[in-house]
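Here's the structure we're looking at; comments come further down.
The values are calculated or read from the model by the stated rules, or taken from the named source; none is laboratory data. It should be emphasised that the depicted structure is a prediction, and the values quoted were computed from it without experimental measurement. A quick note on method: Cβ atoms are made from the backbone with ideal geometry, for glycine too, and the neighbour counts reach across all protein chains shown. Just the protein is used for accessible areas: all its heavy atoms, side chains included, with ligands, DNA and RNA removed. Shrake-Rupley method; radii C 1.70, N 1.55, O 1.52, S 1.80 Å.
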Amino acid sequence: MELNVVTIEGKDTGRKVALPESVFGIEPSDHAIYLDVKQFLANNRQGTHKSKERAEITGSTRKIKKQKGTGTARAGSIKSPIFVGGGRVFGPRPRNYSFKLNKKLKQLARKSALAYKAQQQSITVLEDFNFEAPKTKDFAALVSNLSLNGQRSLVVLKEANDNIYRSARNIQRAEVAVLADLNTYDIMKAKNLVLVESSVEEFGKLFNA
């Protein structure tokens, strides 16, 4: 699959690049994508939720009314879950939500997500660029020139660039990622994938290693 390379002004450079078929041309695996996204979201959970159960509530332990003769149910403690201020029954406790996935499955998931973007023709190849200083208006102009205004987009760089990252962080629905840190969740979340030209040839090396 070949795509035209465009400039940051949105104009065609006349060059074309071929996307690696071993990455962008595979048959996507929906289940692999599901598992990888599930793991990504689970690993981001803090797991610090906690509520007090009846043994942890501060309160009197005296029997609040006599056992019989009241016409109502027995009640032995004010800390019972049936009373206001009582402990919670089977409340949440701190836990670790993370789980393991095989490396090859995660690799298949990322390749599947990229293949879906290729099938949807949602990939743009952008020539290598840099900003002299972090300026939001420069990145906003780039998004506008590529006709991506209002659409969730992900710009993939070959290596980290602080000026580009800081220029993009105040733009809504626009994110910047380094190729080595690319994950299935970010790919699927983005409606448009913008690949910097120098990063394209690295896809085959990274995802088929």
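Restricting 165, 185 to residues that are in a helix (DSSP H, G or I), touching a helix residue (DSSP H, G or I) at 6+ places or on another chain (Cβ under 6 Å) and open to solvent by 60 Å² or more (accessible area, probe 1.4 Å) narrows the list to 185. Checking 78, 26, 33, 64 one by one, the residue that is in a loop (DSSP other than H, G, I, E, B), open to solvent by less than 100 Å² (accessible area, probe 1.4 Å) and in contact with a helix residue (DSSP H, G or I) (Cβ under 9 Å, 6 or more places away or on another chain) is 26 and no other.
Only a single criterion out of (1) in a helix (DSSP H, G or I); (2) buried (at least 17 other Cβ atoms within 10 Å of the Cβ) is not satisfied by residue 148, namely (1). Of the residues 189, 205, which is free of Cβ contacts under 8 Å to residues at least 12 places away in the same chain and over 22 Å from residue 134 (Cβ atoms)? After applying the criteria, what remains is 205.
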